Every structure is written in structure tokens, then in C-alpha cells.
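Following: one structure in C-alpha cells, then a few remarks.
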Amino acid sequence: MKKRKLQTIYLDNAATTFPKPRTVRSTAYDIIKNACGNPGRSGHHISMLAAEIVYRCRRNIAEYFGGNEENVVFTSSATHALNLGIKTSLRKGDHVLISDIEHNSVIRPITALAERGLISFSVYRADTEPHRLVSELTAKLRPNTAMVIACHHSNICNLIQPITDIGGFCRKNGLIFLVDASQSAGILDIDIERDGIDILCVPGHKALYGLSGSGFALFGKRYSDENGAILGTFIEGGNGIRSMDALMPSFLPDRLEAGTLAVPAIGTLSAGIDFVKGLGKNRIIEWERQLYERTFNGMKAFSDKLTVYESGGSGGILLFSANDIPSEELAARLDRRGICVRAGFHCAPTAHKRLATPREGAVRVSFGIMNSKKDIDILLNSLDRILHGHDPPL
Amino acid sequence: MNNNKNKPNTQSNTHRAVENEQIIPLRSLTQAIKAQKLLRVASVNARVIKPSSKYAEEGCGYGVAVSGLEYDKAIGVLKSNGIAPLNVNRRELPRDR
């Protein structure tokens with residue numbers, strides 16, 4: 001692989017964290033070298049070693065987020081987990097409440113089901129204030145409402161929804177509560193039992209520091225044991241259990257897992273969870289806040305040339321646009337200086353509308369535990385040069 | 001990862017049956033590994049196995065093998081942890097001839 005000579009300042013951690021911790025990298029190598037068998041297919045020791053790795057990750061997830069390891073269903077990403085959670089739990093005629101900060105990984109499957117006449121949905125205004133949010137949800141409730149979907153942490157700003165309160169509302173009204181924790185898992189405190197979550201959808205490659213190709217849906221008590229059968233199937237095929245039965249098993253995780261699992265990715269997810277546990281969430285949150293504050297305060301020096309979209313205060317994400325440079329061009333000019341950020345609409349159309357970003361979208365800077373204060377200083381220096389015309393256009 | 005260290009705990013097939021060892025069939029591989037961990041905590045030595053199809057529901061499955069002497073204790077441990085063996089009748093593993 002060709003490595004660029006220029007230094008890399010990686011500030012796109014909301015898309016995927018980079019670089020990965022040393023332990024995650026060594027785990028990937030170890031698994032590929034020693035244990036890359038097919039779990040749940042054979043009885044030989046390489047298959048069983050792979051099965052142990054997969055089980056260890058299930059256990060790690062259940063210990064970290066609460067719940068039962070048998071209710072961990074591995075997926076290739078959070079998008080896969082969200083599609084799986086939505087499409088296996090909803091029934092024809094159901095009504096769903098989704099927030100106005102959802103990612104397209106929720107908006108698109110929900111819209112597709114509605115387009116096919118299977119479900120209907122309403123959009124509620126995401127809020128950080130519990131009472132206002134519960135009032136909003138209550139007002140949108142219909143007799144056939146079956147599910148509330150909540151983006152825990154926006155992917156374009158630091159708006160964090162109070163999931164414990166939404167979970168309480170769902171319990172009280174007998175609704176399925178599905179949480180998209182793509183930006184929060186590994187950073188914010190989540191306990192599926194305390195928070196009343198029925199389906200928690202998580203990517204492994206973001207703040208849990210695993211490799212791309214890892215993710216999971218963690219199902220709550222509602223779906224334990226034979227209750228797994230109330231879920232429809234999402235993918236059918238071999239999983240090494242009840243092979244003579246033409247139907248998928250009725251219990252989790254086997255009801256929703258078919259085909260060979262991504263053992264190396266799953267193993268790195270487990271190593272990533274260990275890494276996050278070792279650091280402690282508070283340390284990660286505090287560091288990201290410090291980086292945000294440094295960036296935000298630094299940008300004040302050229303506030304006449306850019307707009308910062310503040311929502312939710314300091315945190316892991318800072319969204320801004322330059323007054324005279326389209327967002328994609330600005331991102332490309334930063335990349336020329338070795339700085340990786342993401343421009344455009346971040347697959348979050350309704351959230352962008354809410355923040356009233358320009359027609360060309362905005363630039364997202366997203367921090368991670370691997371970033372340093374020096375990274376921020378280089379970003380600010382580069383922005384200063386670009387915004388003041390000391391950097392040639394593309 | 002210590003390859004050799006992990007081998008004895010996971011190595012298993014029907015041809016390695018120990019005398020008087022008995023099989024407890026379980027519904028999934030996940031549950032079989034979970035059962036093995038629970039039994040280990042209760043000081044019951046157990047191996048995860050993929051027994052021949054006649055010991056599994058609908059063709060393929062997994063379970064744990066325990067010493068015949070510890071079979072009743074193992075069943076008790078699993079049931080108290082909410083794990084229901086597929087068939088609690090004693091099933092001896094076939095042995096090498």
C-alpha cells in the first residue's frame with residue numbers, strides 16, 4: 001500500500017475511528033494467523049477457536065451494554081443492524097415515530113416500508129429536554145404506534161437525546177424502543193435494561209474502535225428465549241444449527257444470523273471494547289470536549305469568514321461552513337494539507353435542514369481519543385491560510 | 001492469543017469421547033459455550049462438542065460433554081441459570097473402537 005508522505009491529521013472519527021489502537025491491530029493479525037476458522041460449522045479446534053472469539057465478543061457486549069449475550073446479533077455495520085431491527089420487529093399496519101436527526105440508515109428503510117404500504121411514520125423533534133420530548137412523543141402517538149426510534153447522538157452536532165426518558169415512555173405505552181447508538185456507543189453511558197431499550201444498534205468501527213465490517217443489534221428482554229420467534233427473519237441460510245430444518249431457528253442469535261460471521265472484525269470489536277473500558281468513558285468524553293473547545297475558540301479568530309452550527313454544546317463533533325468556499329472544496333483543500341474531514345450532508349438530510357446549513361452542506365470535524373491538541377492547531381492554522389487566501393484554490 | 005492454551009478447552013468431536021462422558025445437547029453454539037463457562041465456574045469440567053447428528057435436533061447442533069459422575073450436577077447448574085438442555089435423558093457418546 002502506498003503511504004503518503006504528508007502528515008495525516010485524521011478528524012473524521014464520526015465516520016470511522018482511525019488509527020485503531022495497537023491492541024486492535026494485533027488482535028486482527030492474531031486471528032487471521034491463528035484462528036480464522038468458520039464458527040458454528042465444525043467441531044475441530046480451529047472452528048472452535050473462532051467460536052470462542054465470537055462468544056467472547058458477545059459476552060463483552062452484554063457486559064458493557066447490559067442484557068444477555070445470546071441476544072447479540074452480529075451485523076456488518078450499524079446500517080445493517082438498523083435495517084435488521086426495523087424490518088424484523090415491525091408488522092404490517094404499524095406506525096413508527098422517528099426523530100428529525102435520524103441518519104439515512106433509519107430514514108431510508110422506514111421510508112421504503114412506508115412506500116410499500118406496510119407501515120406509516122411520523123417525525124418528532126429531537127430534544128435534549130425530557131419533558132418537552134415526552135410531550136412531543138405523546139402528541140404524535142396513534143392507536144397503531146408500535147415503535148419509537150431515537151438517534152441517541154446526532155452525527156452532525158452534539159445533540160444527545162435522553163434515551164432513559166424515551167425508554168420510560170415506550171415501556172408505559174407498550175412500544176418497541178429502538179436506539180441508533182452509532183455516535184454514542186463507547187462514549188455515552190448506555191444500559192439497555194435501565195434505559196428500556198428493546199433493540200440497540202451499534203457499529204463496531206466507530207467509538208468502539210473495531211474494524212469496519214463489525215456491528216451488532218442487541219435485543220432486550222422482550223425477545224429472549226423463544227420470544228425470538230416473534231421477530232421476522234432478515235436473512236435466511238446456514239448457521240450450523242438444525243440443518244435439516246428448512247426454517248430458521250426460533251431463538252436468538254441464530255434466528256437472525258446466517259452465513260459466515262466476520263470473525264476477525266468481531267474479534268477486533270471485542271478488543272476495541274476492552275480498549276474503551278480501559279480508558280473509561282469519562283476520559284474519552286472529557287478529551288473530546290477539550291478538543292472541541294480548542295477548535296471552537298480557535299475559529300473565533302476568523303468568525304467573519306465561517307459559520308459554526310452549535311447544537312448540544314461541546315462534544316465530539318463540530319459542524320461549520322465557510323462563507324465563500326463550498327464545503328466539498330474546503331474539505332478537499334484541507335485534505336491537500338493532510339487533514340481529513342467530511343463535507344456535504346453526512347447522510348442526515350433532516351438534521352441538516354434543522355440546522356439550516358447552506359445548499360452545499362457543511363464541513364464536519366469529528367474528534368477521537370487518538371487526536372492531539374497539536375492536530376487542532378494544525379487544523380486552525382490551515383483554515384486560517386485557506387480562509388485568508390494564502391492557499392491556492394484547487 | 002495462545003493457540004495451545006485454548007486448544008484443550010475447545011477441542012472436541014465425537015471421536016475423542018472419554019469413558020463415561022455424557023452429552024448435554026443445547027440449542028445453539030452460543031448457549032453451549034455459555035454453558036461451558038457457567039459449568040466451569042461451578043467446578044464442573046465441560047467440553048463444547050459438536051456431536052453426531054443423532055444427538056442433535058434436526059441434524060446439527062452443539063452441546064457440552066461432562067463426566068457421567070458430574071452429569072446431574074451439571075444439569076442442575078444449567079437449569080438454575082435458565083439454560084434448558086434439549087433432552088435431559090442421559091446420552092452416552094459413541095467411543096472409538
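Here, each number is a calculation from the coordinates, and none is a lab measurement. What you see is a predicted model, and the numbers here were worked out from it, not measured in a lab. Cβ placement follows ideal geometry from the backbone for every residue including glycine, while neighbour counts extend to all protein chains displayed.
Close contacts from region A:278-295, counting a first residue that is free of Cβ contacts under 8 Å to residues at least 40 places away in the same chain and a second that is not hydrophobic (A, V, I, L, M, F, W, C), with Cβ to Cβ under 7 Å and a gap of 6+ residues or different chains, come to A:Arg289/A:Ser314; A:Arg289/A:Gly315; A:Glu293/A:Ser314.
Among helices (runs of 4 or more DSSP H) entirely within region A:37-125, having at least 1 residues that are under 27 Å from B:Ala84 (Cβ atoms), within 14 Å of chain B (Cβ to nearest Cβ) and hydrophobic (A, V, I, L, M, F, W, C) singles out A:45-65.
Residues in region A:342-375 that are surrounded by fewer than 21 Cβ atoms within 10 Å (Cβ to Cβ) and farther than 30 Å from A:Val106 by Cβ: A:Ser372, A:Lys373, A:Lys374.
Going residue by residue through region A:88-103, is there one that turns out to be surrounded by 18 or more Cβ atoms within 10 Å (Cβ to Cβ), touching a helix residue (DSSP H, G or I) at 6+ places or on another chain (Cβ under 6 Å), farther than 24 Å from A:Phe234 by Cα and β-branched (Val, Ile, Thr)? For region A:88-103, residues surrounded by 18 or more Cβ atoms within 10 Å (Cβ to Cβ), touching a helix residue (DSSP H, G or I) at 6+ places or on another chain (Cβ under 6 Å), farther than 24 Å from A:Phe234 by Cα and β-branched (Val, Ile, Thr): present.
Can you pull out every residue in region A:7-36 that is at the interface with another protein chain (Cβ under 9 Å from one of its Cβ atoms) and not in a loop (DSSP other than H, G, I, E, B)? Even if it seems obvious, please write down each step before you answer.
Applying the first criterion (at the interface with another protein chain (Cβ under 9 Å from one of its Cβ atoms)) to region A:7-36 yields A:27, A:30-31, A:33-35.
Once the filter is applied, which keeps residues that are at the interface with another protein chain (Cβ under 9 Å from one of its Cβ atoms) and not in a loop (DSSP other than H, G, I, E, B), region A:7-36 yields A:Thr27, A:Asp30, A:Ile31, A:Lys33, A:Asn34.
Please enumerate the residues belonging to region A:134-166 that are out of contact with any strand residue (DSSP E or B) (no Cβ under 9 Å at 6 or more places or on another chain) and either free of Cβ contacts under 8 Å to residues at least 12 places away in the same chain or hydrophobic (A, V, I, L, M, F, W, C) (or both). Of everything in region A:134-166, those that are out of contact with any strand residue (DSSP E or B) (no Cβ under 9 Å at 6 or more places or on another chain) and either free of Cβ contacts under 8 Å to residues at least 12 places away in the same chain or hydrophobic (A, V, I, L, M, F, W, C) (or both) turn out to be A:Val134, A:Ser135.
Taking the criterion of being over 14 Å from A:Tyr10 (Cα atoms), among the hydrophobic types (A, V, I, L, M, F, W, C) and touching a Ser or Thr at 6+ places or on another chain (Cβ under 9 Å), the residues of region A:319-342 that qualify are A:Leu319, A:Phe320, A:Ala322, A:Leu330. Of all the listed residues (A:Gly267, A:Gly259), the sole one being in contact (Cβ under 8 Å) with a residue 12 or more places away in the chain, surrounded by fewer than 21 Cβ atoms within 10 Å (Cβ to Cβ) and either of a type outside the set (Val, Ile, Thr) or within 12 Å of chain B (Cβ to nearest Cβ) (or both) is A:Gly259. All of (1) over 19 Å from A:Ala62 (Cβ atoms); (2) under 26 Å from the mean Cα position of the chain (by Cα); (3) within 10 Å of chain B (Cβ to nearest Cβ); (4) among the polar types (S, T, N, Q) hold for A:Ser224 with one exception: (1). Only one of the numbered conditions (1) in contact with a strand residue (DSSP E or B) (Cβ under 6 Å, 6 or more places away or on another chain); (2) farther than 23 Å from A:Met370 by Cβ; (3) more than 14 Å from every other protein chain (Cβ to nearest Cβ); (4) in contact (Cβ under 8 Å) with a residue 40 or more places away in the chain is not met by A:Gly204, and that is (2).
Which of the residues spanning region A:334-353 are within 20 Å of the chain's Cα centre (by Cα) and touching a residue at least 24 places away in the same chain (Cβ under 8 Å)? Before you say what the answer is, go through the steps one by one.
Of all residues in region A:334-353, those within 20 Å of the chain's Cα centre (by Cα) come to A:340-352.
Across region A:334-353, the qualifying residues are A:Cys340, A:Val341, A:Arg342, A:His346, A:Cys347, A:Ala348, A:Pro349, A:Thr350, A:Ala351, A:His352.
The residue list A:Ala348, A:Ala265, A:Ala271, A:Ala258 contains one member that is over 30 Å from A:Ile31 (Cβ atoms) and small (Gly, Ala, Ser), which is A:Ala348.
If you go through region B:71-84 and pick out every residue that is within 26 Å of A:Ser42 (Cα to Cα) and crowded, with 16+ Cβ neighbours inside 10 Å, you end up with 5. Return yes or no: is A:Ile378 closer than 23 Å to A:Lys20 by Cα and either surrounded by 15 or more Cβ atoms within 10 Å (Cβ to Cβ) or touching a Gly at 6+ places or on another chain (Cβ under 9 Å) (or both)? Answer is yes for this residue. The sole residue among A:Thr128, A:Thr164 that is within 22 Å of A:Asp195 (Cα to Cα), touching a Gly at 6+ places or on another chain (Cβ under 8 Å) and assigned to a loop (DSSP other than H, G, I, E, B) is A:Thr128.
Residue under question is A:Arg385, and the condition is that it be among the basic types (Lys, Arg) and over 27 Å from the mean Cα position of the chain (by Cα); does it hold? Full working, then the answer.
Working: among the basic types (Lys, Arg): yes; over 27 Å from the mean Cα position of the chain (by Cα): yes.
For A:Arg385, the condition - among the basic types (Lys, Arg) and over 27 Å from the mean Cα position of the chain (by Cα) - is met.
The test for being closer than 30 Å to A:Leu330 by Cβ, out of contact with any strand residue (DSSP E or B) (no Cβ under 8 Å at 6 or more places or on another chain) and crowded, with 16+ Cβ neighbours inside 10 Å holds for A:Ile284.
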